[in-house]
Amino acid sequence: MLMRSLSHTHGRAASFNTPNRFEKTHLEKLDIEVPYDEEAPPLPTTFYSDTSRTILAKNDSPDLPFAYSVNPYRGCEHGCIYCYARPSHEYLGFSAGLDFETKIMVKMDAAELLAGQLNRRSWEPQMVALSGNTDCYQPAERKLLLTRRILEVFLDYRNPVSLITKNALVVRDIDIIGEMARLGLIHVMLSITTMDAGLARTMEPRTSHPQKRLDAIGELARCGVPVGVNVAPVVPGLTDEEIPAILSAARDHGATSASYILLKLPGAVEPLFLDWLNRSLPLRAGKIVSRIQDTRGGRLNDSRFGLRMTGAGEIAGAIGTLFALRAARLGLSTRWEKLSTSQFRRPSKTQLEIF
């Protein structure tokens, strides 16, 4: 079957669907050029009901500071080309490519499921990550309000939350987040990959403008919310030189902590990223690929615990040193105080019935 190239589709970073590793058959593009006079039309986003009966996902990774996370959405319309969560869409029978950013699973009863799990006597209060896989403030959240309702549940139960997002929409819920901060129940990280708005628009097409993310840091900080910046992912040869500027801008807007993650390209993310790189930055692609390989032992990905977040080798070491020195100089290397679990409570049955 001939598949039309979608490399110029508005608002999408991926240009094709990669094969699903769990499926026996897949479509492949013919290796021929077919001229078209018009740009490919925008691809619509389709939303599907997710009928999962649990909402707290458990992990045992030594690289992560949390055991449980909450994701009200599977798939992400932000469409970041480098997103490590893309291969998780294959478990649903979709592709990690265009499907990941155009076919979104929605857990409409996320708040009810969360309340039910927190209400179990077996639940031990602990920090839960909100957005451990896909972004809880992706565009659909503006209308669906699932993340807001989840935050209301966490506040009702006084269970602590670590929230991370690339979307300035987080400030919409500053009333709830501010109250949680007053109780020592939350901290928020805004991820910023680049300050170059043009690059951001092609690499992470439906995220908030970098300046809007900085503005969100400022608004949260003014409301007393512990807020930081996650420089992620750092793309060797492309965005690593921006680390000082991102940290300085975040500090100037009120950030009090910072972290970074080196680019990782697991599974189908590798061909998607390489395709994007050759389409978007053809003159720099070779250098960037070489730099990535230097940080990953000659490959483009290394999934070993202890190395997958920071990489190894001379360039990875230089990136880590640059980040650590600049963060320390700006006062961003101090870790936040541990979030409170002593206030955890289980609301009455009457309160639960509101859900």
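The residue pairs whose first member lies in the stretch 184-203 and is under 28 Å from residue 65 (Cα atoms) and among the basic types (Lys, Arg), whose second member is modelled with pLDDT of 95 or more and assigned to a helix (DSSP H, G or I), and whose beta carbons are closer than 9 Å, counting only pairs six or more residues apart or on different chains, do not exist in this structure.
Somewhere in the stretch 312-335, is a residue free of Cβ contacts under 8 Å to residues at least 24 places away in the same chain, in contact with a Lys or Arg (Cβ under 9 Å, 6 or more places away or on another chain) and either part of a loop (DSSP other than H, G, I, E, B) or among the aliphatic types (A, V, I, L, M) (or both)? Yes, the stretch 312-335 has at least one match. In this structure, is residue 235 of a type in the set (A, V, I, L, M), within 16 Å of residue 82 (Cβ to Cβ) and either touching a residue at least 60 places away in the same chain (Cβ under 8 Å) or in contact with a Lys or Arg (Cβ under 7 Å, 6 or more places away or on another chain) (or both)? Spelling it out, residue 235 is indeed of a type in the set (A, V, I, L, M), within 16 Å of residue 82 (Cβ to Cβ) and either touching a residue at least 60 places away in the same chain (Cβ under 8 Å) or in contact with a Lys or Arg (Cβ under 7 Å, 6 or more places away or on another chain) (or both). Return only the number of the condition from (1) in contact with a strand residue (DSSP E or B) (Cβ under 8 Å, 6 or more places away or on another chain); (2) in a loop (DSSP other than H, G, I, E, B); (3) aromatic (Phe, Trp, Tyr) that residue 344 does not satisfy. Among (1) in contact with a strand residue (DSSP E or B) (Cβ under 8 Å, 6 or more places away or on another chain); (2) in a loop (DSSP other than H, G, I, E, B); (3) aromatic (Phe, Trp, Tyr), the lone unmet condition for residue 344 is (1).
Restricting to the stretch 201-217, and then to whatever is over 14 Å from the mean Cα position of the chain (by Cα) and of a type outside the set (Lys, Arg), can you tell me which residue is surrounded by the fewest Cβ atoms within 10 Å (Cβ to Cβ)?
Here the answer is 209.
Remark: residue 296 falls outside the filter, which requires a residue to be in contact (Cβ under 8 Å) with a residue 12 or more places away in the chain and farther than 30 Å from residue 89 by Cα. Would a scan of the stretch 148-158 turn up a residue that is hydroxyl-bearing (Ser, Thr, Tyr), modelled with pLDDT of 95 or more and touching a strand residue (DSSP E or B) at 6+ places or on another chain (Cβ under 7 Å)? Checking the stretch 148-158: not a single residue is hydroxyl-bearing (Ser, Thr, Tyr), modelled with pLDDT of 95 or more and touching a strand residue (DSSP E or B) at 6+ places or on another chain (Cβ under 7 Å).
Does at least one position in the stretch 134-144 carry a residue that is within 16 Å of the chain's Cα centre (by Cα), in a helix (DSSP H, G or I), over 30 Å from residue 241 (Cα atoms) and modelled with pLDDT of 95 or more?
Residues of the stretch 134-144 that are within 16 Å of the chain's Cα centre (by Cα), as a first pass: 134-141.
Remaining after also requiring in a helix (DSSP H, G or I): 141.
Checking which are over 30 Å from residue 241 (Cα atoms) leaves us with 141.
Now drop any that are not modelled with pLDDT of 95 or more, which leaves 141.
Yes, the conditions are met somewhere in the stretch 134-144.
If you filter the stretch 286-316 down to residues that are modelled with pLDDT of 95 or more and of a type in the set (Val, Ile, Thr), you find that the one that is farthest from the chain's Cα centre (by Cα) is 315.
Within the stretch 55-74, the set of residues being assigned to a loop (DSSP other than H, G, I, E, B) and under 23 Å from residue 142 (Cα atoms) comprises 55, 71, 72.
Condition (residue is crowded, with 20+ Cβ neighbours inside 10 Å, within 30 Å of residue 298 (Cβ to Cβ) and in contact with a Lys or Arg (Cβ under 9 Å, 6 or more places away or on another chain)) applied to the stretch 192-199: is it met by at least one residue? The answer is yes, given that some residue of the stretch 192-199 is crowded, with 20+ Cβ neighbours inside 10 Å, within 30 Å of residue 298 (Cβ to Cβ) and in contact with a Lys or Arg (Cβ under 9 Å, 6 or more places away or on another chain). Hey, could you check the stretch 267-293 for residues that are crowded, with 18+ Cβ neighbours inside 10 Å and in contact with a helix residue (DSSP H, G or I) (Cβ under 8 Å, 6 or more places away or on another chain) and say which is nearest to residue 20 (Cα to Cα)? In this case the residue turns out to be 268. Here residue 319 clears all of (1) under 28 Å from residue 88 (Cβ atoms); (2) at pLDDT 95 or above; (3) in contact with a Ser or Thr (Cβ under 6 Å, 6 or more places away or on another chain) except the condition numbered (3). In the stretch 96-124, the residue that is farthest from residue 267 (Cα to Cα) out of those that are touching a residue at least 60 places away in the same chain (Cβ under 8 Å) and among the acidic types (Asp, Glu) is 112. On the stretch given as the stretch 143-181, residues that are over 21 Å from residue 79 (Cβ atoms), without any contact (Cβ under 8 Å) to a residue 60 or more places away in the chain and touching a Ser or Thr at 6+ places or on another chain (Cβ under 8 Å) total 1. Being at pLDDT 95 or above, assigned to a helix (DSSP H, G or I) and out of contact with any helix residue (DSSP H, G or I) (no Cβ under 7 Å at 6 or more places or on another chain): is that true of residue 172 here? Answer is yes for this residue.
The values are calculated or read from the model by the stated rules, or taken from the named source; none is laboratory data. Keep in mind it's a predicted model, so treat the numbers as computed, not measured. Glycine also receives a Cβ, built like all others from the backbone with ideal geometry; neighbour counts cover every protein chain displayed.
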